[in-house]
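Trainee: Below are the structure tokens for one structure; questions will follow.
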Amino acid sequence: MKRLLCLAGMFLLFSGFTLQWDPVTTYTDGTPLTGKTVLYNVERGGTVVSPKQVGTSFVFTTGYGVAEAFKVQTELASGEKSVWSPAYSWTSPLGVPSNPLNLRVAP
């Protein structure tokens, strides 16, 4: 049981977290982005960590109880860029130690 709890904790630590957002399909005036390649720039803590990515999610790892701030920007393959999204602030869960196992009373 103890080994299983350790493996579960390691999975959470090493599998990471995923920042997600909705895909952008229009210009700011509502005109569709038909036939355009839409890319995204992801900023984490003031640093661009994933430039010109195609997908609408970003996987990252972090420590326990760490405050993070993310922003995302839309960029078309033709070079047009949106403004950065408002910052999204998030704090990772605290690491909590496992409870003691194999309790017993000795004579």
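Just so it is clear, none of the values below were taken in a lab; they were calculated from the coordinates. What you see is a predicted model, and the numbers here were worked out from it, not measured in a lab. Neighbour counts run over all protein chains shown; Cβ positions are idealised from the backbone, glycine included.
Trainee: Take the residues in region 52-107 that are among the basic types (Lys, Arg) and in a strand (DSSP E or B), then tell me which one is farthest from VAL38 (Cα to Cα).
Mentor: Filtering region 52-107 for residues that are among the basic types (Lys, Arg) and in a strand (DSSP E or B), the one farthest from VAL38 (Cα to Cα) comes out as LYS71.
Trainee: Continuing with this model, one more query. Would region 88-106 turn up any residue that is surrounded by 13 or more Cβ atoms within 10 Å (Cβ to Cβ), within 18 Å of TYR27 (Cα to Cα) and in contact (Cβ under 8 Å) with a residue 12 or more places away in the chain?
Mentor: no
Trainee: Please determine, by comparing only the residues of region 15-51 that are in a strand (DSSP E or B) and polar (S, T, N, Q), which one is farthest from VAL83 (Cα to Cα).
Mentor: Here the residue is THR18.
Trainee: Now a separate question. Could you check how many residues of region 34-78 are loosely packed, with under 15 Cβ neighbours inside 10 Å and in contact (Cβ under 8 Å) with a residue 40 or more places away in the chain?
Mentor: Number of matching residues: 6.
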